[in-house]
Amino acid sequence: GSSAEPQVRLQFYRDPPSGSEQLDTVQNLCLARLRLLKAVEEVGQDMIKGSKEYMERLKMKLGKLDLGASLLTTSGVHVDGLRFREEIRRDVLSHFLLRLAMCRTEDQRRWFITQETDLFRLRFQLEQNADRSRSSRFSAVAAFLSANGIHFDSLSDAERSDLAPELLAATPGIGSDAELATVAFYRAHFTEALDLVRSRRVYLRDGFAYVPETGVVSMATTRFRAHLSHQLAVACRALPYLGEDARLVPLLGAIAKNLSGDEWTAKSGGPAGVVLSGQVDQLAKTSFPPCMQHLHSSLRRDHHLRHFGRLQYGLFLKGIGMPLEEALKFWRGAFAGKVDGDKFAKEYAYGIRYNYGKEGKRADFSPYSCVRIITTNQPGQGDSHGCPFRHCGADLLAQRLQAAGISQDQAQGILTRAKDSQYQLACRDYFRAVHKLSSDHEVSINHPNQYYEESRALLLGNGQQQQSARAPVRVTKVKAAPAATAAGSQAAESDWLDETIDQEMSQVDLSAYEA
Amino acid sequence: LTMCAELLPEELATYYKRLYPTHLMVQWLSYRSPAYFANREFSMTLHDDIYLRFLSYNYESEFRGALLDRRPEKIDIGAVYSCRPRDRATVSGGAFQAKEKELVIDIDLTDYDGVRLCCSDARVCSKCWLFMRIAVQVLDRALRCDFGFRHLLWVYSGRRGIHCWICDRTARQLSANARTAVIEYLSLVRRPGDKQPQQGQQQPPKCHPSVAAAADAIRRQFDDLVRQQDLFGTKDRTRALLAQLPEDLRSVADTAVASWLADPDAYPSLKRWKTISKFAVSRGRQDVEQQLLIQYAYPRLDVGVSTGVNHLLKAPFCVHPKTGRICVPFDPAAVDSFEPDSVPTLAQLLAELSSASAQQQQQKPHLMAYKSTSLKASIELFAKFVDSLRADEAQAADGAAAAGAALRDASNGGEIL
């Protein structure tokens, strides 16, 4: 018979799952968890982590996603054994698979750790809440901790009253001796409670922190993060030895790329069908992202663009569905007045055909993603390429926002994002502003062509919201582009700063001097 | 002998040969494990600003040889790596990593320039040194009582600052994240140019015990500080003080201030301070008085120095190039009597060496030459520190051995000792 005790759902992900799965299932699980983690990231960027609004919003968003509902179910809710095991398996399997996908570079690892830790914290807090309101004496949190060998030393009543004045003075949220007597306290080495130590919210003595029960989540999360970070480093070193898998490794690679929007290959014809050279002016006004609008207007103004500008813009046009013949027509027309037909054919046509894979090594070059545009080929004097939110000064950017018809308030928000190095979020807010969308509208900008597609979908009355996570397509080139800093700077009010560089990941400056 | 405008290689050579405590340094940095010493990174700055990094030595003799050979003007100590730093090219990129290092704290008087009124920039005098004394008292207490650290080496940095090397095993094994947490816990005042530290502070009247203890330590020395720095002696400084008072106290304070400014000589700095602080306390705002103490005198910490596991910091017993003074360790319990002006200079030590009688020189072997110079006390202090450290390490090793033996016995079915 089944035991009377509720099933524990919270996972520390200590032991990898075994068994076999269809490749399909593997792919779907990975994507499902990836979408989940991206949702975690988005809510974490829009709200202060740990606040009530944050938790409500996250619960709502995750609840709508595949895999999300089962992860949010607390241990008290009883389901039949088969379904329970299935849900646990999906949780554990998707986590371990994503570990493999995200262990390769430091930025991916850091992103993965942050989101998984935030997710863990949410689930832990939900379990704590459920424990409190449960009538039976079962504590899912206690069961989870003991099942994973995590033990926190609790203070006896006598010990607590001995330290009462210090505990009262040091611990926020407890107003009186009477209140103190109702709160359980734990004694842990200060390295277990770093978040609380950092912000001086616990009493410290002789290297030990005296943590109230509300701090247990912080300690558990610290352990979770440390454990995961260590395991990722191990996974990374083991990756070359995974052996074989012409199936798994490209799949994982594509998933990782999907995260940073690095690879984007146009579906045949593009959502707007074929784009003709005569349509570009109008399309630029309504649906191009600011980086491409700028390139287009510079091209019209100067009848010329420099090399990197031609590259960035040309590949973008290819991506929106402009075929080679139209592209040649377009550029020839754009350069007319500065460059005559012969010169164009000699100096520029080759380059255009090269981008379409019709010359040279005939590689089908992908249009640049936001990350790539932001981080490589920094524009100089006289250049028009790059990302305006990154490469324009604040004044010039403000001007452009005004010219685009964006209100003062919205412009201020965008400028702040840009100032905080959150370029892709700035672009997202720009997108919302010019398309007159509310600030809840779900969209995330990782790629100029994606901006274009989202815009066309909106304007063509395609009511459904586009999923911003795209299914991975062929990986044509593996680039080691770092993830944009959009994931980085969170407001300083948060206790959970992602500025940690674990020992395992510390870089050594080997470019220094030789003895 | 030269007054130090420049460190001459010959003088450094004599220093390293006859005075520098090489053996103690190696004993310290080995922590009873030769491999630990061999994996330690050193860097050296030579004459003409040649800088060499990722130096490492397998034995004391190699280290001593390098000192005599290179005559470094500055030696930095870095982390203990996963292999010998000089062999790092033989391992693949990810395998060469900083593993352990002492937790270090660096305090510099220039970060006090907002409140240090007697001098500015490079100048240091006996009056501003009081800030350092306060810093040592506050931090030594916090590191020992709050964090339980026991092996702290406090070192004078040669001109206008101090370093603290925290050498406990726990400290050496801290991750970068943990180091940052420790420093942020200890940070109460921003340095000019730093970003705002975490606002984890309690709302009044709650005051974290550590903050209260720091305020207590500062209060003991604050009257002297106020007097020496004439902290509130001008209109501007007085206004600055008032600006830090909360709304409810400011209006009454304004009246007091008016009388001060009308007759400045009758109200010296100390009197002004006493008036304001007593007033605040009498209004039940002890927290305000504490905040002021902290604002003016709490140590300003350089976070960047402490955070990185692979950060390099100047070693004790280096010679400061600008002042010629030796970077000597000092006893934090006796910090009140520590005088930067009395710290021996290289020139002075060399003079003392050559004036020691020929007979003395014959009797004492080379290695004991320091005993006839002013460096004696510092080296003996250092020796005591190293001994206590090694005793602890031995105990820890024994403990580990005993635990191992007990495990073995238990698995053999024997009794646990």
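The values are calculated or read from the model by the stated rules, or taken from the named source; none is laboratory data. Since the model is a prediction, treat every value here as computed from it, not as a measurement. Quick reminder, even Gly has a Cβ in these numbers, built from the backbone with ideal geometry, and neighbours come from all protein chains shown.
Miscellaneous remarks
- Across the stretch A:169-181, the qualifying residues are those that are within 12 Å of chain B (Cβ to nearest Cβ) and without any contact (Cβ under 8 Å) to a residue 40 or more places away in the chain, and the one among them that is surrounded by the fewest Cβ atoms within 10 Å (Cβ to Cβ) is A:Ser176.
- Positions within the stretch B:24-74 being outside any strand (DSSP E or B) and either among the hydroxyl-bearing types (Ser, Thr, Tyr) or touching a Gly at 6+ places or on another chain (Cβ under 7 Å) (or both), in sequence order: B:Ser30, B:Tyr31, B:Ser33, B:Tyr36, B:Ser56, B:Tyr57, B:Tyr59, B:Ser61
- Among residues of the stretch A:156-168 that are in contact (Cβ under 8 Å) with a residue 12 or more places away in the chain, those with a beta-carbon under 9 Å from a residue that is among the hydroxyl-bearing types (Ser, Thr, Tyr) and exposed (fewer than 13 other Cβ atoms within 10 Å of the Cβ) at least six positions away or on a different chain give the pairs A:Leu168/A:Ser176.
- Among the residues of this structure, B:Ile326 counts as one that is surrounded by 20 or more Cβ atoms within 10 Å (Cβ to Cβ) and among the hydrophobic types (A, V, I, L, M, F, W, C).
- The residue that is nearest to the other protein chains (Cβ to nearest Cβ), counting only those in the stretch A:218-234 that are hydrophobic (A, V, I, L, M, F, W, C) and crowded, with 20+ Cβ neighbours inside 10 Å, is A:Ala226.
- Residue within the stretch A:149-162 that is among the polar types (S, T, N, Q), surrounded by 19 or more Cβ atoms within 10 Å (Cβ to Cβ) and not in a helix (DSSP H, G or I) present: no
- In this structure, A:Gly309 does not satisfy being part of a loop (DSSP other than H, G, I, E, B) and under 20 Å from A:Ala349 (Cβ atoms).
- Checklist (1) under 23 Å from B:Cys128 (Cα atoms); (2) outside any loop (DSSP other than H, G, I, E, B); (3) charged (D, E, K, R) applied to B:Arg300, failing item: (2)
- Some residue of the stretch A:312-328 being modelled with pLDDT under 90, in a loop (DSSP other than H, G, I, E, B), at positive phi and touching a helix residue (DSSP H, G or I) at 6+ places or on another chain (Cβ under 9 Å): no
- Helices (runs of 4 or more DSSP H) lying entirely in the stretch A:39-108 (those with 2 or more residues that are without any contact (Cβ under 8 Å) to a residue 12 or more places away in the chain and basic (Lys, Arg)): A:81-101
- Helices (runs of 4 or more DSSP H) wholly inside the stretch B:96-203 containing at least 2 residues that are in contact with a Ser or Thr (Cβ under 9 Å, 6 or more places away or on another chain), at the interface with another protein chain (Cβ under 9 Å from one of its Cβ atoms) and modelled with pLDDT of 90 or more: B:176-186
- Which listed residue, of A:Ala184, A:Ala188, A:Ala209, is surrounded by fewer than 17 Cβ atoms within 10 Å (Cβ to Cβ), closer than 30 Å to A:Arg9 by Cβ and under 39 Å from the mean Cα position of the chain (by Cα): A:Ala184
- Residue match in the stretch A:199-211 (condition: out of contact with any His (no Cβ under 9 Å at 6 or more places or on another chain) and at pLDDT below 90): no
- Here is the figure for the stretch A:388-427: residues that are in a loop (DSSP other than H, G, I, E, B) and in contact with a Ser or Thr (Cβ under 9 Å, 6 or more places away or on another chain) total 3.
- The single condition from (1) more than 19 Å from B:His320 (Cα to Cα); (2) among the acidic types (Asp, Glu); (3) within 14 Å of chain A (Cβ to nearest Cβ) that B:Glu60 fails is (3).
Matching residues to (1) crowded, with 20+ Cβ neighbours inside 10 Å; (2) basic (Lys, Arg):
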| position | (1), (2) |
| --- | --- |
| A:Gln11 | no, no |
| A:Pro16 | no, no |
| A:Gly19 | no, no |
| A:Val26 | no, no |
| A:Lys49 | yes, yes |
| A:Glu53 | no, no |
| A:Arg57 | no, yes |
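- Taken as a whole, the structure places B:Ala383 among residues that are small (Gly, Ala, Ser), modelled with pLDDT of 95 or more and either in a loop (DSSP other than H, G, I, E, B) or out of contact with any His (no Cβ under 8 Å at 6 or more places or on another chain) (or both).
Each row is one residue, and each column tells you yes or no for (1) polar (S, T, N, Q); (2) touching a Leu at 6+ places or on another chain (Cβ under 8 Å); (3) modelled with pLDDT of 90 or more; (4) exposed (fewer than 12 other Cβ atoms within 10 Å of the Cβ).
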residue	(1), (2), (3), (4)
A:Gly341	no, no, no, yes
A:Phe344	no, no, no, no
A:Ala363	no, no, no, yes
A:Pro388	no, yes, yes, no
A:Asp409	no, no, no, yes
A:Ser421	yes, no, no, no
A:Asp429	no, no, yes, no
A:Arg432	no, no, yes, no
A:His441	no, no, no, no
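- Looking across the stretch A:87-106, the residues that are over 23 Å from A:Leu72 (Cβ atoms) and surrounded by fewer than 21 Cβ atoms within 10 Å (Cβ to Cβ) come down to A:Arg104, A:Thr105, A:Glu106.
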